[in-house]
Amino acid sequence: MSTQVPADLKYAKSHEWLRVAGDVATVGITDHAQHELTDVVFVELPAVGRKVKAGEACAVVESVKTASDIYAPASGEVIEVNKAVTDDPGLVNGEPYGKGWFFKLKLSDAAEAGALLTPEAYTAQIGG
Amino acid sequence: MLKRTPLFSAHQRAGGKLIEFGGWEMPVQYSTITDEHLCVRRAAGIFDISHMGEVIVRGPAAEAFLNATLTNDVRKLVVGLGQYTLMCHEHGGVIDDLYAYRLGAEEYLLIINASRIEPDVAWLQERLGAFPQQADVTLANLSDHTAAVAIQGPKTPGLLDQLFPAASTGGTHVAKPSDLKKNQIAQFAFDGQAVCVARTGYSGEDGFEVITPALLIEAVWDKALNLGHQFCLQPCGLGARDTLRTEVCYPLYGHELDENTTPIEAGVGFFVALDKGDFVGRAVLAEQKASGTKKKLVAFKMTDKAPPPRPHYVIWAGGSAVGEVVSGTQSPSLNNGIGMGYVPPQVAVIGGKLEIEIRGRRFAAEIVKKPIYKKP
């Protein structure tokens, strides 16, 4: 079974992805992560306006089995959250890089995003 | 070092995701918990339950010994029948919950929880040491040499008849496994050896448990999966086993039951036969049955959109913290958060409003009648 690791994204060791466009980054969890979690049944997102630091727990994703923290891959301010994914948590399993995104961050330090894992490094980490 | 069942490599072949459970390395799921859960509700699933313990109690005084040690009345068992029962301390706390089957006139099989094999066997030996007719009872812990699978779901009778296509050779006399009634057990031949098949389970569905010598179980597992295609049989892990039993409110040792909880508090007083004569824990259990308990197990459903409830979450009622969740999950059948927890008896009213505290916030829940899920 092959796990998708899109080439145009950056990755955190804790299995979040980051899609950077200017100083705004969209954050979600990876295909590998959703596959490990299975059956996402609840997603709790941060409040819009919350300032987060890289590595800070700021969302929760719950599967049937367990609750898992989601960490901000970079520092910044939450400027938008994905209502669709709280209404239909299954989007995290179905489209982890698309409609299953979690929130958008206005980055406070562009260098942080640059320091995240490349697709190749993340693939190596998950043993792909 | 975690213990492994004889089906360990079969789980690896089937793509099982392995986790630690009570000292064992067991599959939590093969596909997803929801998928496996719904497969058992609609069709058929096979679970490795080889980690569970098996103890044989034999001899002319086996019946008297078990009746003095377990809560249910073992005298109700004819050969080939089993019952749910519990083993308690003098103070009424539960050492284990188990199934007792009568295999022969003077032979009983106890199926005990994996995590409780050592305390159970030690307790049985201790009680036997104090039992007047101890010379007429022998105990044998066969747990290391015995394996088992649970085959559960509405389509399993047809599958079992193909898996064991001849009449029974012991226990209840039946022409085929699907003639067994609930809680009956019989021996059938498989590859020239005798295996036990009991019509019971832990899923709230029709189903069977197959108990075999350890070395035979992989052949049973493989053949069941091969024959199982036409019955949509899937291998299922402990994740689905837990959500299935939670929906129908079957207790799990370590959650609903422990040494500080009595069967009366846990709502399984039906399996405590106060009229059968003395047994360990009787005085306390009789007193609780007559005058009530300080805590009571209730089942609940989340009534608003909420994260799934989990064990140890605090239960609130009327503005006070009143108890703790012991089992909780997102019900795959109902697509709703469900759980069980202990609350004071005055709170334990069907329809009563609760709140479950989840990460510092309280979410509304309602006490519901057990089982939470009933077949439509």
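The values are calculated or read from the model by the stated rules, or taken from the named source; none is laboratory data. Keep in mind it's a predicted model, so treat the numbers as computed, not measured. Every residue, glycine as well, gets a Cβ built from its backbone with ideal geometry; the counts of neighbours run over all protein chains shown.
For this structure, a couple of remarks:
- Residues satisfying the stated conditions in the range B:266-287, i.e. among the charged types (D, E, K, R) and surrounded by 15 or more Cβ atoms within 10 Å (Cβ to Cβ): B:K276, B:R282
- Condition met for B:V121 (out of contact with any Ser or Thr (no Cβ under 6 Å at 6 or more places or on another chain) and in the same structural domain as B:G23 (by TED's automatic domain parsing)): no
- Out of B:T303, B:T329, B:T262, sole residue that is touching a strand residue (DSSP E or B) at 6+ places or on another chain (Cβ under 8 Å), crowded, with 20+ Cβ neighbours inside 10 Å, closer than 14 Å to B:I358 by Cβ and of a type in the set (S, T, Y): B:T329
- A:A47 being within 14 Å of chain B (Cβ to nearest Cβ), surrounded by fewer than 15 Cβ atoms within 10 Å (Cβ to Cβ), more than 24 Å from A:D8 (Cα to Cα) and of a type in the set (A, V, I, L, M): yes
- A:K53 fulfils the conditions (1) surrounded by 22 or more Cβ atoms within 10 Å (Cβ to Cβ); (2) away from chain B (no Cβ under 12 Å) except for a single criterion, (1).
- Residue match in the range A:22-43 (condition: assigned to a loop (DSSP other than H, G, I, E, B), closer than 23 Å to B:G328 by Cα and without any contact (Cβ under 8 Å) to a residue 12 or more places away in the chain): no
Residue-wise test of (1) farther than 29 Å from B:Q29 by Cβ; (2) part of a strand (DSSP E or B); (3) out of contact with any His (no Cβ under 9 Å at 6 or more places or on another chain).
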{"position": "B:K181", "(1), (2), (3)": "yes, no, yes"}
{"position": "B:T200", "(1), (2), (3)": "no, no, yes"}
{"position": "B:F208", "(1), (2), (3)": "no, yes, yes"}
{"position": "B:L216", "(1), (2), (3)": "no, no, yes"}
{"position": "B:L225", "(1), (2), (3)": "no, no, yes"}
{"position": "B:H229", "(1), (2), (3)": "no, no, yes"}
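- Residue tally, condition touching a residue at least 40 places away in the same chain (Cβ under 8 Å) and more than 17 Å from the chain's Cα centre (by Cα), over the range B:42-75: 19
- For the range B:348-364, the criterion of being within 25 Å of A:S68 (Cα to Cα), within 22 Å of the chain's Cα centre (by Cα) and crowded, with 16+ Cβ neighbours inside 10 Å is met by no residue.
- Qualifying positions in the range B:312-341 - outside any strand (DSSP E or B) and out of contact with any Ser or Thr (no Cβ under 6 Å at 6 or more places or on another chain): B:H312, B:Y313, B:G318, B:G319, B:S333, B:L334, B:N335
- Considered as a group, the residues in the range B:226-259 that are buried (at least 24 other Cβ atoms within 10 Å of the Cβ) and β-branched (V, I, T) include one that is nearest to B:G93 (Cα to Cα), and that residue is B:T246.
- Here the strands (runs of 3 or more DSSP E) wholly within the range B:1-115 that include at least 3 residues being within 14 Å of another protein chain (Cβ to nearest Cβ) are B:17-21, B:24-29.
- The range B:292-316 residues that are facing another protein chain (nearest Cβ under 10 Å), paired with ones that are hydrophobic (A, V, I, L, M, F, W, C) and buried (at least 21 other Cβ atoms within 10 Å of the Cβ) (beta carbon under 7 Å, 6 or more apart): B:A306/B:I358; B:P307/B:I358; B:P308/A:V41; B:R310/B:V325
- Residue ID - modelled with the lowest pLDDT, chosen from residues in the range A:51-93 that are among the hydrophobic types (A, V, I, L, M, F, W, C) and in a loop (DSSP other than H, G, I, E, B): A:V64
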